[in-house]
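Since the structure comes first, as structure tokens, the remarks are kept for the end.
The values are calculated or read from the model by the stated rules, or taken from the named source; none is laboratory data. Please read these numbers as outputs of a predicted model, since none were measured by experiment. Here the Cβ is made from the backbone with ideal geometry for all residues, glycine too, and neighbour counts use every protein chain on show. Please note that ligands, DNA and RNA were not included when accessible areas were found on the heavy atoms of the full protein model with its side chains. Shrake-Rupley method; radii C 1.70, N 1.55, O 1.52, S 1.80 Å.
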Amino acid sequence: MEGRMSYSTLKSIISHYLLNVFSELSQQEADFMSDVAAQDFINYISVMNDFLHDSDFSIKALNYISRLADQNPLEIDKILRDWIEVWVLKWKQRVKLVMGDDEANNKAYQELEDKVSPLLSTLGGDLITFRKFAIGSLISSGEVCFTNLMADMIIKEVLFKVASSQNSEEVLRFVKSNPIFIVNEIIKKVKELSRFKGNLVVVRINPAFFQEMQGEAIEWW
């Protein structure tokens, strides 16, 4: 009987592919990047095989990857190599490494979080549905890197737009009665992101976490 591949095994496999591209990664850097990539690959497989609508889509994706690795290792190798190539390009395009804090951006982000965070825990199944829709829309538009984070930020920005003119109770009633509005706003946000060619994700470098050389953190590309 075939065993199901664990998340840690998938992460280790993806780390091997990434190290073929980023040969100078430290163990901490490789662990961080492979964790992001493994989550992204699970989302990608889930979208490509129509698993995303299931509550256990991550498990189904891992089962699919495991079966393919057992039955057709050359095919899964090709899928991974082709996907990693795109993922790396998107990482280089979308991810910005910075040291220190950007006070203006932090203030804007905190304002969004303060307004939206109380809503997230009350949306329940609607939030899960919107998040899956955002992930699927991003991947279908060619955005395969940091898909969980980007989906979450899209949803928060859409909710912030609604919450800017209504209180929490009004927002919840609006979302419950107008889910198509939220879906359409997600689609618009994804289209905007796909047209934008610059950085979308900021990764703040912690000198105590990332490898250093001659006082400067080693870049990942």
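Brief remarks on what is shown
- What the Cβ-Cβ distance of residue 109 and residue 28 gives, at R0 = 30 Å and to the nearest 0.05, is a FRET efficiency of 0.75.
- Per DSSP, loop chymotrypsin sites (Phe, Trp or Tyr not before Pro) in the range 121-196 with at most 13 further Cβ within 10 Å: 196
- Rg/Rh for the range 7-98 stands at 0.97; both radii use Cα atoms, and Rh follows the Kirkwood definition.
- Counting only Cα atoms, the range 101-203 measures 36, 34, 19 Å along its principal axes, largest extent leading.
- Average projection area in nm² (convex hull over Cα atoms of the chain, one quarter of hull surface): 13.7
- Furthest towards positive pole of dipole, 138, 106, 166, structure part the range 103-198, Cβ charges: 138
- Under a model in which nothing but the beta-carbon of Lys, Arg (+1) and Asp, Glu (-1) is charged, the chain shows a dipole of about 700 debye around its Cα centre.
- Accessible-area value, residue 153, 1.4 Å probe, nucleic acids and ligands omitted, Å²: 50
- For residue 81, the solvent-accessible surface computed with a 1.4 Å probe is close to 130 Å², ligands and nucleic acids excluded.
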